[in-house]
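Everything below concerns the one structure shown next.
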Amino acid sequence: MSIARSLLYAMANALHPRMLWLMLWPMLVALAIWGSIALALWARLALRIALWLQHGLDYALAWTHLDLGAAALVAANVLLFLLFVPLVYLTALFILSLFGMQQMVNYVAQRSYPALERRRGGGIAGTGWNSLVAFLGMLLLGLVTLPLWLFPLLWPVIPMLVLGWVNQRLLRYDALAEHAEAHEMARIFRERRGALYLMGVLLALAAYVPIVGFFAPVVFGLAFIHYLLGALAAERRST
């Protein structure tokens with residue numbers, strides 16, 4: 001199954017009441033958590049970042065004698081917003097992977113892959129470990145790529161690439177854990193690495209689109225399930 005077809009099936013499935021509820025509560029919880037933190041810290045963080053940016057700009061552009069305080073404050077608020085969005089949807093994804101993916105897998109499997117044997121190569125412990133690896137990997141990739149964020153042409157791109165990896169890491173395991181054996185999961189993840197990464201990047205981009213970003217975690221979760229169960233079914237038919 002292609003990525004486009006998986007997304008189309010996912011959007012159709014997302015209209016079911018059970019899926020609509022899964023769209024709402026993880027995002028509402030994530031928004032409540034980070035919204036509370038933002039209300040408490042946003043203004044102070046924006047001022048500190050603005051001062052840091054202003055010092056850097058004043059040093060780099062000392063010859064211009066311009067007052068860049070207002071521009072630095074605007075830039076600081078933009079940076080905080082760019083950080084706030086992925087924090088919210090990644091928190092929603094973590095919640096979804098722990099408490100919602102099994103319902104989504106059952107929903108898709110019953111309707112589209114009823115004959116696909118469940119070999120249960122993964123479990124709750126694997127989900128927890130996968131989430132931890134995704135979180136630690138995000139921190140490591142963020143630190144490794146941090147110097148590149150200073151280049152204007154790269155700083156919008158690098159976060160998308162990092163988040164693309166995190167997204168696919170979070171969603172791919174639970175999409176197959178119930179149906180595939182461990183060796184089947186490893187082989188499909190390896191053979192479909194590029195497509196899974198592309199889907200992760202598309203989710204990272206969709207998160208910044210107004211309204212669409214609110215529903216993106218569940219829609220892409222369903223798309224990962226359709227794509228990977230389709231890949232598993234095709235592999236078993238060929239053997």
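The values are calculated or read from the model by the stated rules, or taken from the named source; none is laboratory data. Keep in mind it's a predicted model, so treat the numbers as computed, not measured. Heads up, the Cβs are rebuilt from the backbone with ideal geometry, glycines too, and the neighbour counts pull from every protein chain shown. Only protein heavy atoms, including side chains, enter the accessible area calculation; ligands, DNA and RNA are left aside. Shrake-Rupley method; radii C 1.70, N 1.55, O 1.52, S 1.80 Å.
Overview of values
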{"item": "Carbon/sulfur fraction of accessible area - the chain, other protein chains in place, 1.4 Å, %", "result": "74"}
{"item": "List Ile225, Ile37, ordered by accessible area with a 1.4 Å probe, largest first", "result": "Ile37, Ile225"}
{"item": "Additional length obtainable on full extension of the chain from Ser36 to Glu117, 0.36 nm per residue less Cα span", "result": "24.7 nm"}
{"item": "Between 0 and 90°, nearest 10: helix 101-112 axis offset from the chain longest Cα axis", "result": "50"}
{"item": "Overall dimensions of the range 161-238 by Cα: Rg and Dmax, Å", "result": "12.7, 42"}
{"item": "Square roots of five times the Cα gyration tensor eigenvalues for the chain, Å", "result": "39, 19, 15"}
{"item": "Selected from Leu228, Leu45, Leu161 as most flexible by GNM, with the chain as the system and alpha-carbon contacts under 10 Å", "result": "Leu45"}
{"item": "Helical mean residue ellipticity (222 nm; -39500 (n - 2.57) per DSSP H run of 4+; nearest 500) of the chain", "result": "-28000 deg cm²/dmol"}
{"item": "Spacing of the two label points (7 Å from each Cα toward its C-beta) at Gln102 and Val74, in nm", "result": "5.0"}
{"item": "Leu198/Phe84 FRET efficiency (R0 22 Å; Cβ-Cβ; nearest 0.05)", "result": "0.35"}
{"item": "Degrees between helix 212-238 axis and first principal axis of the chain (Cα, 0 to 90, nearest 10)", "result": "40"}
{"item": "The chain, accessible area per residue, ligands and nucleic acids excluded (1.4 Å, Å²)", "result": "54"}
{"item": "Glu191-Leu8 FRET efficiency (beta carbon distance; Förster radius 25 Å; 0.05 resolution)", "result": "0.65"}
{"item": "Mean separation of Cα contacts under 8 Å, 6 or more apart, over the residue count of the chain: relative contact order %", "result": "31"}
{"item": "Per-peptide average of other Cβ atoms within 10 Å, ordering 166-176, 91-101 highest first", "result": "166-176, 91-101"}
